[in-house]
1. About its Cα centre, what dipole magnitude does the range 40-107 give when the only charges are +1 on Lys and Arg Cβ and -1 on Asp and Glu Cβ, stated in debye to the nearest 20?
2. Debye calculation, C-alpha points only, no solvent: report log10 I(q)/I(0) for the range 40-107 at q = 0.19, 0.26 Å⁻¹, in the same order as the q values.
Amino acid sequence: MSSSISQPSMFPVPGLQSPFGAWSQPLAMPSSAAAAVPQASFAELFSQSLEAVNGHQNRMHADIAGSLTGNDLSMVETFSAAREADLALKLTLQIRNKLIEAYREIQNMQL
């Protein structure tokens with residue numbers, strides 16, 4: 001068996017040595033699409049996400065305090081706010097754990 005990949009006869013493309021040759025070339029974005037994409041840094045996105053999680057936590061605390069002090073909140077609303085805040089916090093912790101894991105993996109790379 002030869003180690004080279006021959007071009008299948010049902011995909012005759014002149015100039016390509018293998019059917020996967022075109023996929024190895026980078027795709028160019030149209031200039032209009034590049035201008036339309038907003039540029040946000042990872043730090044900005046992460047900061048906005050943390051602010052959203054903090055908002056969920058604050059809403060949960062306000063709903064719990066409101067239901068204990070007699071405000072017109074149902075238990076369903078209070079528990080829904082608590083569940084949303086809990087899920088947001090767990091997701092944030094998992095993202096943090098993955099970031100730390102990636103940092104340690106990069107730190108242990110040998111040059």
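1. Magnitude of the dipole: close to 240 debye.
2. With one equal scatterer per Cα and no solvent, log10 I(q)/I(0) is -0.77, -1.06.
Quick note: the coordinates plus some simple rules give every number you see, no bench work behind them. Just so you know, these numbers come straight off a predicted model, no measurement behind them. Cβ sites come from the backbone with ideal geometry, for glycine too, and all protein chains shown count toward neighbours.
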